[in-house]
């Protein structure tokens with residue numbers, strides 16, 4: 001009797017994607033092991049820009065929209081440090097119909113953002129963004145916003161998901177739940193902060209954004 005081939009489990013698929021992100025695409029650079037970028041307790045090492053607050057509840061980093069906040073409730077949580085080449089892994093959960101993203105190499109100084117009434121140049125334009133939006137028909141989760149369309153239907157709405165991003169030189173590659181989502185090049189910025197988005201607008205007013213286990217490995 002012919003045996004059936006078995007698909008790898010989600011955990012195995014994700015492990016393979018992370019392993020590939022850490023080493024498959026380069027033989028010239030060496031990476032350290034993934035380490036926490038967020039400490040799981042508070043906002044130490046991060047800067048909040050704009051008004052919708054980011055809080056930590058039961059080990060989860062989350063943001064609820066302040067509809068009276070600037071930029072229609074938009075808010076960004078940005079690292080104090082800058083990064084150049086790296087692998088980033090985040091676990092996220094967004095209420096169905098929600099919209100978020102991970103900013104990459106945002107070059108605008110944090111002090112400049114805090115001094116600007118509107119937070120300054122949008123991080124997705126100043127740097128670039130790995131989109132988180134399960135219902136966007138053009139740039140679904142894992143896409144590089146406005147630059148590279150990703151594979152659709154990888155994001156499980158209302159559940160915890162994992163996205164891995166490798167940024168090296170002009171190339172950025174993403175995996176969502178262990179599946180390749182996007183692979184493209186951009187010259188927008190070569191170094192900058194990493195950030196998380198709390199989307200503004202009435203359409204996302206009740207959509208809670210959650211993150212956990214945010215990890216990074218810098219490529220040397």
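Odds and ends about this structure:
- Folded to 0 to 90 degrees: helix 10-23 orientation relative to the chain principal axis, Cα: 80 degrees
- Full extension of the segment from residue 117 to residue 146, taken as 0.36 nm per residue of separation minus the current Cα-Cα distance, would add 7.9 nm.
- Value of [θ]222 nm, deg cm²/dmol, for the chain, DSSP H segments ≥ 4, -39500 (n - 2.57) each, nearest 500: -3000 deg cm²/dmol
- Highest average packing first - 186-197, 59-70, Cβ atoms within 10 Å: 186-197, 59-70
- Quarter the surface of the alpha carbon convex hull of segment 10-218 and you get the mean projected area, 10.4 square nanometres.
- Taking segment 36-57 and a reference point 7 angstrom along Cα→Cβ of residue 218, the backbone N atoms nearer than 20 Å belong to 36-40, 44-47.
- Fewest-first ordering of 58, 206, 85 by other beta carbons within 10 Å of each residue's beta carbon gives 58, 206, 85.
- Label-point gap, in nm, between residue 55 and residue 156 - each point 7 angstrom along Cα→Cβ: 2.8 nm
A short reminder: the numbers here are calculations on the coordinates, not readings from a lab. Since the structure is predicted, the reported quantities are computational estimates derived from the model, not experimental observations. All Cβ positions, even for glycine, are placed from backbone atoms using ideal geometry, and neighbour counts span all protein chains on display.
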